[in-house]
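K.L.:
My questions will all concern the structure given below.
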Amino acid sequence: MKSNLRPAVVAGVLCSLITFGLHSAIAATSVPSEPNKVTAASLPLHWRSEGFPSNQVSRLSYREIAAERILKVQQYNATRQMKPAQSGIARAALDEGAISTLPPLRWIKSRDGGYVARIEVMSPVALGLRVGLQVSALSPQAELRFGGSSNPYQVIAMMTGSNVLQLVDSRGIFWTPDTDGEKQFIEIYLPAGVSRTSVRLQTPLLSHLLVNSLNDAKIIEKAGFGESGACNVNTVCRVAEFGANYVSAKNAVAHMSFTYPNGASFICSGTLLADTNTQTQVPYFYTAHHCFAGGEGGVPVTAYPSGFQAVANTLTTYWKYETTACTTSVNPGRQTLAGGSDYLYSDPNTDGMLLRLKATPPAGSEFAGWDYALLPTSSSIIGIHHPSGDVKKVSSGQQLSRDADQNEVAWLSGTTEGGSSGSGLFTADATGYHLRGGLLGGSASCANTGSLENAGNRDYYSRFDLVFPHIASYLAPVPGPLLRANGSQPLIPPRAGAASAVTSSPAPAKTARPPTRNSLIRVWRVGPLEP
């Protein structure tokens, strides 16, 4: 990466090496993975009114989107070296709708004495939609169900009014989960005795998605099911070689979809993490700071009220999004977990970010183990991720070097792409696989994978040994071998001048970077394009 390390970098590495020696002598630095205690599969969801009268639906349609806006997203995704991928284009009904406001809700009586209304929002040729609902009033007892026109009989998520009210931003906007197809259906149900005047909704914004779980139309290159590079390896293909501990690690990884305040949507990858309290399972979720920090048209997300939390509220994660066999492209169906997350910590220097999912991860998911020791040079590593929003893939390679913030790696099998951002870097020992960081970005691709000597075959991951001191209060709440006797401080000391935990407005991005990553940081600071 660089022939000569800066003195500060050398000092940081020496400090970490000394700390690593102390770890080895004093205590273990790792936590094993943990199966999800939720064992019962969720029951399929159904519409409250399966045959809702078509002439009673409240509809809002948009005009066709300009092809130039889709091309602009393609170009943006192709040139980024930091590896989130833009998946949705912001649209506003006031500017682009066939009508500017949603017609009034029309309620019909349900069999149990309650009432049901239905909303339909359409954006022509979209592969999927997220709708920005303006919530002026909503009974906590209401139920909202969501589905898409690709499968109008399937309900992909249900949320209560109470859930929704916790996720509205400062403008009163709630972003619905992703649905497949150019139409999204939103059903609102009120139990008997709840007044219909307790619901006042509008649909002023949407995110026109260029990717979905089917992606038959392939409107946009390299985004969605089956669209990652040919060198990428389905996770199931390495089960026989890597074993049961690897299965636990891959089951902790999820595909992420989230939306910035204006409606531009992005995809990343993240990992569910275990903690030291074996009596509970808090859904801590590790990913990348830059996934949420990109900004809109040059305006950083932190300039908006609530900043990162506003984006965290929109998070939807997808589980079991992988093929069933190595030689097939069949995916039995990803499981959607709506409900957003709590933003706990992030740092623009290391690029680490910790969230806490608001909803319980589904049966079959697992909580990954982790290790906060310094990652030894030349360690064998694997990355588990969703490149280009595709089914789950695994890449394997080697750690090459480190600087003050990241580990540099090269791939011998597979690679990473847009949508891989935030995905976990893992190492294995006799006790299992342990997370060692999350993906920042790099120049690695299918074109240069397979050779450690190829200078283009490089990716950079947050150093979990540096992130851990700032999130230890979450991941290691129970005093034990990982903490001092009083439980207040981790064994590993924080770096001199290290940023403290950020809970609302992260520190600005650092300007001094190794030359090989200056371009990454410039893209980060400018933020995603606003097609």
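The numbers here are math on the coordinates, done by the rules we state, and not lab data. The structure presented is a predicted model; accordingly, all values stated were derived computationally and were not measured. Every residue, glycine among them, receives a Cβ derived from its backbone with ideal geometry; neighbour counts consider all protein chains shown.
K.L.:
How many angstrom separate the Cα center of the stretch 383-423 from the Cα center of the stretch 138-216?
P.N.:
One Cα centre to the other: 34 Å.
K.L.:
Something else: In the stretch 34-71, which GluC sites (Glu not before Pro) are in a loop and have at most 16 other Cβ atoms within 10 Å, using DSSP for the loop call?
P.N.:
Glu50, Glu64
K.L.:
Over 28 Å between C-alpha atoms is what I'm after, so list which of Lys358/Lys392; Lys37/Lys109; Lys83/Lys358; Lys109/Lys320 land there.
P.N.:
Checking Cα-Cα distances, Lys37/Lys109; Lys109/Lys320 exceed 28 Å.
K.L.:
Where a ≥ b ≥ c are the square roots of the eigenvalues of the C-alpha gyration tensor, would you call the stretch 316-464 rounded, which needs a/c under 1.5, or, failing that, prolate if a/b is larger than b/c, or oblate?
P.N.:
oblate
K.L.:
How about the stretch 403-463: which GluC sites (Glu not before Pro) there are in a DSSP loop, with at most 13 other Cβ atoms within 10 Å of their Cβ?
P.N.:
Glu453
K.L.:
Taking square-rooted eigenvalues a ≥ b ≥ c of the alpha carbon gyration tensor, is the stretch 125-191 rounded, prolate or oblate, where a/c under 1.5 means rounded and, failing that, a/b exceeding b/c means prolate?
P.N.:
oblate
K.L.:
If we count other beta carbons within 10 Å of each Cβ, what is the order of Met159, Met122, Met353, fewest first?
P.N.:
Met122, Met159, Met353
K.L.:
Moving on. Taking amide H atoms as placed 1.01 Å from N in the peptide plane, list the residues 5 or more away in sequence, or in a different chain, whose amide H sits under 5 Å from that of Gly114.
P.N.:
Ala192
K.L.:
When Glu182, Glu120 are ordered from fewest to most other Cβ atoms inside 10 Å of their Cβ, what list results?
P.N.:
Final ranking by Cβ density, sparse to dense: Glu120, Glu182.
K.L.:
Something else now. How would you rank Cys291, Cys237, Cys268, going from fewest to most other Cβ atoms within 10 Å of each one's own Cβ?
P.N.:
By the 10 Å Cβ count, ascending, the order reads Cys237, Cys291, Cys268.
K.L.:
Which net charge results for the neighbourhood of Ala126, defined as the other residues with beta-carbon distances under 11 angstrom from its beta-carbon, given Lys and Arg at +1 and Asp and Glu at -1?
P.N.:
-1
K.L.:
Going by a ≥ b ≥ c, the root eigenvalues of the Cα gyration tensor, does the stretch 46-123 fall in the rounded group (a/c under 1.5), the prolate group (a/b larger than b/c) or the oblate group?
P.N.:
It comes out prolate by the Cα gyration axes.
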